[in-house]
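Here is the structure we will look at, set down as structure tokens.
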């Protein structure tokens, strides 16, 4: 079994590659409509990310800037922790090793060691990125530090553009992660159990062999159940993206409303929202955990019977030599 240091280096090299893919996916075509064309008042958090720059005609939104900053910090931390791996780890290496080992053990308890190690690079990256993006959105200055728009055509009630916005309060990022998992889920399922078993898992009758009229009845029933399962599979990425986006956006909107609903001096506007900051810290962790947990469970549900069949074959193989041994005393 490879040492934890080698596993650490391998997993964080994959983490860097996946973060690059995800932060590029965060800036989808929806960013082009994120400017000040809607004329929304900033009495509450806009439902869309706002454009803060357009270099070479490419729209850059404040949520994209936020996730780039978070990803850069995570990549820097992973590089600093793994550039000189020591047998007696320092504080940073020790923390990162603890985080990686804890996540591996967590996913192993859900999926088994084989699936956990195969999918760990994505599940751990998604959990870490979502967690620290959620917490970074609570840093003072996010959503409040920015610049004023000027010139003709600027809405007088929508002139302020914050530099940063909570990354997961933008549907683009949550959609990128959900669709990435959806594609990987198909890949893992096909490579673990094969296309034929994939179809059987959805449509084939379960619970034993049926004959005659029961085969026809149960075949029709499981065909109907399979169609429902197909619909469930199609809904999963939609549920993943909107669950994460909805909870994070609602939490940040609540904090912003609390800071503006009372007639307080500017230097005291943070006070009503202070108790809810601690709640949002918990919510940020729970939402990251739920996203990664659901991805793990979805993968396990499709691939678990492959592991069971493999285990049964190994069990039969172990029991096969027992017959000749039991016959030896009688001779």
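The values are calculated or read from the model by the stated rules, or taken from the named source; none is laboratory data. These numbers come from a predicted model, not from an experiment. Glycine gets a Cβ as well: all are built from the backbone with ideal geometry, and neighbour counts include every protein chain shown.
Of note:
- Scanning the stretch 260-283 for residues that are part of a loop (DSSP other than H, G, I, E, B) and more than 14 Å from residue 137 (Cβ to Cβ) returns 260, 261, 262, 263, 264, 265, 269, 270, 271, 272.
- Subset tally (residues that are touching a strand residue (DSSP E or B) at 6+ places or on another chain (Cβ under 8 Å) and within 24 Å of residue 254 (Cα to Cα)) for the stretch 95-154: 7
- Residue check, residue 141 modelled with pLDDT under 95, buried (at least 17 other Cβ atoms within 10 Å of the Cβ) and either in contact with a helix residue (DSSP H, G or I) (Cβ under 8 Å, 6 or more places away or on another chain) or within 30 Å of residue 273 (Cα to Cα) (or both): no
- Neighbours by Cβ (under 6 Å, 6+ apart or cross-chain): first from the stretch 167-191, free of Cβ contacts under 8 Å to residues at least 40 places away in the same chain; second crowded, with 21+ Cβ neighbours inside 10 Å and not in a helix (DSSP H, G or I): none
- Enumeration of residues in the stretch 87-116 that are assigned to a helix (DSSP H, G or I), surrounded by fewer than 18 Cβ atoms within 10 Å (Cβ to Cβ) and either without any contact (Cβ under 8 Å) to a residue 60 or more places away in the chain or under 12 Å from the mean Cα position of the chain (by Cα) (or both): 91, 92, 94, 95, 98, 99, 102, 105, 108, 109, 113
- From the list 194, 212, 219, the one residue that fits, being at positive phi and modelled with pLDDT under 75, is 212.
Here is a yes/no grid of residues against (1) over 18 Å from residue 185 (Cα atoms); (2) touching a helix residue (DSSP H, G or I) at 6+ places or on another chain (Cβ under 6 Å); (3) modelled with pLDDT under 80:
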residue	(1), (2), (3)
235	no, no, no
242	yes, no, no
256	yes, no, no
259	yes, no, no
293	no, no, no
302	no, yes, no
315	yes, no, yes
323	yes, no, yes
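- Filter pass, residue 128 being closer than 30 Å to residue 193 by Cα and within 18 Å of the chain's Cα centre (by Cα): yes
- Selection status of residue 172, within 14 Å of residue 252 (Cα to Cα) and not in a loop (DSSP other than H, G, I, E, B): no
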